[in-house]
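*Asks:* First the structure, then my questions, so here it is.
The values are calculated or read from the model by the stated rules, or taken from the named source; none is laboratory data. Since the model is a prediction, treat every value here as computed from it, not as a measurement. Heads up, the Cβs are rebuilt from the backbone with ideal geometry, glycines too, and the neighbour counts pull from every protein chain shown. Calculation scope for accessible area: heavy atoms of the full protein, side chains included, ligands and nucleic acids excluded. Shrake-Rupley method; radii C 1.70, N 1.55, O 1.52, S 1.80 Å.
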Amino acid sequence: MIENPSNWAGNYTYRATQYHQPETVEQIQELVIRSNKLKALGTRHSFNDIADSPGDLISLKHFDQIVALDREHHTVTVEAGVRYGQLARWLHGEGYALHNLASLPHISVAGACATATHGSGDRLGNLATAVSAMEMVTADGELVVLFREQGREQFEGAVVGLGGLGVVTKLTLDISRTFEMRQDVYENLPLAELDDHFDELFSSAYSVSLFTDWCNATFNQVWLKRQLPDGVSLELEPELFGATLATSHLHPIATLSAENCTEQMGIYGPWHERLPHFRMDFTPSSGEELQSEYIVPRQHAFAACHIINQLREHITPLLQISEIRSIAADKLWMSPCYKQACVSIHFTWKKDWPGVRKVLPMIEDQLSAFDARPHWGKLFTMSPTRIQSLYEKLPDFQELLQYYDPQGKFRNAFLDKYIFGV
Ligand SMILES: Cc1cc2nc3c(=O)[nH]c(=O)nc-3n(C[C@H](O)[C@H](O)[C@H](O)COP(=O)(O)OP(=O)(O)OC[C@H]3O[C@@H](n4cnc5c(N)ncnc54)[C@H](O)[C@@H]3O)c2cc1C
């Protein structure tokens with residue numbers, strides 16, 4: 001029986017018949033050899049059935065150790081179930097940093113990389129771009145290690161693996177020297193300002209996020225996360241393209257208390273206490289929300305925002321908040337940013353799936369002109385054939401899955417539908 005039958009948001013109940021929490025790699029190998037159908041489970045933050053299996057679910061909960069810090073090559077090796085929050089705090093203590101984090105630090109490294117989870121930043125690739133080596137138990141129970149510097153093709157196919165290649169047990173990530181950041185928030189940026197200033201705005205800080213409820217043609221908040229070289233001070237402008245500097249700490253949903261949010265108001269602090277929007281020591285309860293996100297090539301960002309704005313009467317009754325982020329291009333086959341810099345349009349919905357399910361096709365229909373790709377771990381209604389047509393490396397990815405998992409042990413309904421189209 002499954003101990004924890006649903007995902008973090010509680011909108012999806014896993015159908016697997018067995019739930020395991022192995023403590024050693026050997027136990028994972030035995031489980032993989034014994035099982036006909038199985039899937040690795042991270043921290044259960046995905047909103048759809050991507051992590052489910054008709055057979056066994058293998059939680060990586062006990063694989064939460066930091067294995068090695070390589071100061072010479074600037075890498076850290078971690079067990080796959082480590083949460084970013086835990087890793088980030090430890091790394092900072094050792095004098096190091098990751099390049100970016102997602103909005104929430106509670107997600108596992110392996111789960112985030114498997115779905116191309118991202119933060120924001122013009123020069124920052126998604127979190128999986130930091131992976132330089134990956135150890136996994138494949139369908140025959142073998143322990144396989146893939147390296148970025150050897151067998152590059154396979155590696156680039158495997159990192160955003162959607163849980164389909166095996167159970168990832170360890171990951172090695174690129175790190176840099178730790179750094180301090182500040183976070184400043186501006187309020188009420190007119191949408192029209194993006195016309196001429198989109199690039200200027202998004203390149204003005206290490207990481208930039210725009211939040212809007214789409215109630216009018218305005219972005220309610222602009223969050224700027226800056227890393228300044230030593231000795232450089234910053235004179236903040238009271239206005240930014242028509243938006244005004246906030247005078248108090250804000251939650252992206254302005255009516256909520258900002259106590260769970262990372263420090264703002266220009267106060268300097270370590271990177272891991274500024275890059276996520278939410279504090280690590282705030283324990284999120286089971287989320288009263290659903291999420292969807294569409295990733296569009298950067299050149300369409302402004303047009304895509306306008307299109308969404310036109311759908312406002314359908315969107316706003318169901319929406320808690322929307323966020324616009326930028327993501328650098330990468331080389332990972334199943335990343336929505338494969339070979340193209342992108343902008344993501346995220347929706348945190350009220351927990352009303354019947355309503356959300358009706359509005360998603362409208363959004364998807366309008367964004368299809370821009371080749372929008374849905375976030376692998378969130379809710380969408382796009383057809384499998386449409387999604388498949390958007391990934392030029394899909395045939396190679398199918399081959400890679402078949403190579404490592406010829407019997408389809410790690411295939412589930414999600415992979416059958418969206419990757420194999422059956
Ligand atoms: C509140 C909240 C905030 C979020 N913020 C962001 C954000 O800022 N940016 C963003 O891009 N996304 C965001 N997400 C989405 C989230 O990052 C992804 O859904 C991510 O996959 C969650 O990681 P997880 O460990 O919970 O994975 P799970 O949901 O447990 O699993 C996801 C996939 O990873 C695979 N997997 C997990 N562990 C392993 C392993 N060891 N080996 C092989 N495969 C594995 C699973 O099989 C499955 O296919 C957010 C989600 C929530 C709930």
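*Asks:* Check the straight Cα-Cα distances from Lys37 and name the aspartates and glutamates below 17 Å, setting aside those fewer than 8 residues away within the same chain.
*Replies:* Asp49, Asp52, Asp56, Asp140, Glu142, Asp405, Asp416
*Asks:* Hand me the GluC sites (Glu not before Pro) from the range 103-152 located in a DSSP loop with no more than 13 other Cβ atoms within 10 Å, in residue order please.
*Replies:* Glu142, Glu149
*Asks:* Send over the per residue convex hull volume for the range 4-114, Cα only, as a whole number of Å³.
*Replies:* Here the figure is 109 Å³ per residue.
*Asks:* On C-alpha positions alone, give me the angle between the axis of helix 84-93 and the longest principal axis of the chain, in degrees, nearest 10.
*Replies:* Tilt relative to the chain: about 70 degrees.
*Asks:* Hey, another quick one. Please arrange His249, His106, His197 by accessible surface area, largest first, computed with a 1.4 Å probe and ligands excluded.
*Replies:* Output order, biggest surface exposure first: His249, His197, His106.
*Asks:* Please compute the contact order of the range 1-79 in relative form: average sequence separation of alpha-carbon pairs under 8 Å and at least six residues apart, divided by the residue count, as a percent.
*Replies:* Averaging sequence separation for qualifying contacts and normalising by length gives 30 percent for the range 1-79.
*Asks:* Work out how much length Ala217 to Tyr19 would gain on full extension: take 0.36 nm times their residue separation and subtract the Cα-Cα distance, in nm to one decimal.
*Replies:* Contour length minus Cα-Cα distance gives 66.6 nm.
*Asks:* If packing is taken as the mean number of other Cβ atoms within 10 Å per residue, what is the order of 352-364, 328-340, highest first?
*Replies:* 328-340, 352-364
*Asks:* Another question, if that's okay. Relative to the present Cα-Cα distance, how much length would full extension add between Lys351 and Val145 at 0.36 nm per residue of separation?
*Replies:* Full-extension gain reported as 70.1 nm.
*Asks:* Would you mind listing how long the chain runs along its three principal axes, going by Cα atoms, in whole Å with the largest first?
*Replies:* 62, 49, 38
*Asks:* Still on this structure: Would you mind checking the range 44-72 for residues with the amide N under 18 Å from a putative spin-label position 7 Å along Cα→C-beta of Asp416?
*Replies:* 48-57
*Asks:* Report, ordered by chain and residue number, the lysines lying within cross-link reach of Lys350, taken as a straight Cα distance under 30 Å and ignoring same-chain residues fewer than 8 apart.
*Replies:* Lys39, Lys61, Lys225, Lys358, Lys378, Lys417
*Asks:* Sticking with this one: Rounded, prolate or oblate: which fits the range 266-386, taking a ≥ b ≥ c as square roots of the Cα gyration tensor eigenvalues, rounded meaning a/c under 1.5, else prolate when a/b beats b/c?
*Replies:* Because a/c hits 1.5 or more and a/b fails to exceed b/c, the range 266-386 counts as oblate.
*Asks:* How much mean residue ellipticity at 222 nm does the chain get from its helices, if each DSSP H run of length 4 or more adds -39500 (n - 2.57) and you divide by all residues, to the nearest 500 deg cm²/dmol?
*Replies:* One gets -6000 deg cm²/dmol as the mean residue ellipticity at 222 nm.
*Asks:* Continuing with this model, one more query. Can you give the local net charge around Thr77? Use residues other than it whose beta-carbon is closer than 14 angstrom to its beta-carbon, Lys and Arg +1, Asp and Glu -1.
*Replies:* Its environment carries a net charge of -4.
*Asks:* Nearest 10 degrees is fine. How inclined is helix 25-34 to the longest principal axis of the chain, computing both from alpha carbons?
*Replies:* Approximately 60 degrees, to the nearest 10.
*Asks:* Okay, moving on. Please identify the GluC sites (Glu not before Pro) of the range 1-75 that satisfy two criteria: DSSP loop assignment and at most 11 other Cβ atoms within 10 Å. Which are they?
*Replies:* Those that pass, being in a loop and sparsely packed, are Glu3, Glu23, Glu72.
*Asks:* Going by amide H atoms built from the backbone, whose H comes under 5 Å of the H on Trp349, apart from near neighbours?
*Replies:* Leu290, Gln291, Ser292, Gln320
*Asks:* In the range 403-422, which residues have a backbone nitrogen under 17 Å from the label point lying 7 Å from Thr385's Cα in the Cα-to-Cβ direction?
*Replies:* 417-422
*Asks:* Dividing the alpha-carbon radius of gyration of the range 234-328 by 2.2 N^0.38 Å (N being the number of residues), what value is obtained?
*Replies:* In units of the 2.2 N^0.38 Å rule of thumb, it is 1.28.
*Asks:* Looking at the chain as a GNM with Cα springs under 10 Å, which of Ser46, Ser326, Ser35 has the largest mean-square fluctuation?
*Replies:* Comparing Ser46, Ser326, Ser35 in a Gaussian network model of the chain, the most mobile one is Ser35.
*Asks:* How far is helix 394-404 tilted, in degrees, relative to the longest principal axis of the Cα atoms in the chain, given as a value from 0 to 90 rounded to the nearest 10?
*Replies:* Taking the Cα atoms of the chain, the angle to 394-404 is about 40 degrees.
*Asks:* For the range 95-162, just the Cα atoms, rotate onto the principal axes and tell me the three extents in Å, largest first.
*Replies:* 37, 26, 24
*Asks:* Another question, if that's okay. Quick one: work out the % antiparallel among DSSP beta bridges in the chain, nearest 5.
*Replies:* Here the antiparallel bridges make up roughly 90 percent for the chain.
*Asks:* Now a separate question. What aspartates and glutamates sit close enough to Lys339 to cross-link, taking a C-alpha to C-alpha distance under 16 Å and skipping anything fewer than 8 places away on the same chain?
*Replies:* By straight Cα distance, Lys339 reaches Asp122, Glu153, Glu156, Asp330, Asp371, Glu392, Asp396.
*Asks:* Residue-wise, which Karplus ³J(HN,Hα) couplings in Hz belong to the range 133-149, taking 6.51 cos²θ - 1.76 cosθ + 1.60, θ = phi - 60°, and x for glycine or proline?
*Replies:* Karplus values, whole Hz, x for Gly and Pro: 7, 9, 9, 8, 8, 8, 4, 8, x, 6, 9, 10, 10, 10, 10, 4, 7.
*Asks:* Under the rule a/c < 1.5 gives rounded, and otherwise a/b versus b/c splits prolate from oblate, where does the range 1-65 land using the Cα gyration tensor?
*Replies:* In terms of gyration-tensor shape, oblate.
*Asks:* Now for a separate question. Given labels modelled 7 Å from the Cα in the Cβ direction, how far is it in nm from Gln227 to Asp371?
*Replies:* 2.9
*Asks:* Classify the range 84-123: rounded, prolate or oblate, from the alpha-carbon gyration tensor (a ≥ b ≥ c, eigenvalue square roots; a/c under 1.5 rounded; otherwise prolate if a/b is larger than b/c)?
*Replies:* oblate
*Asks:* When the Cα centres of the range 134-198 and the range 261-304 are compared, how far apart do they sit, in Å?
*Replies:* Measuring centre to centre over Cα atoms gives 16 Å.
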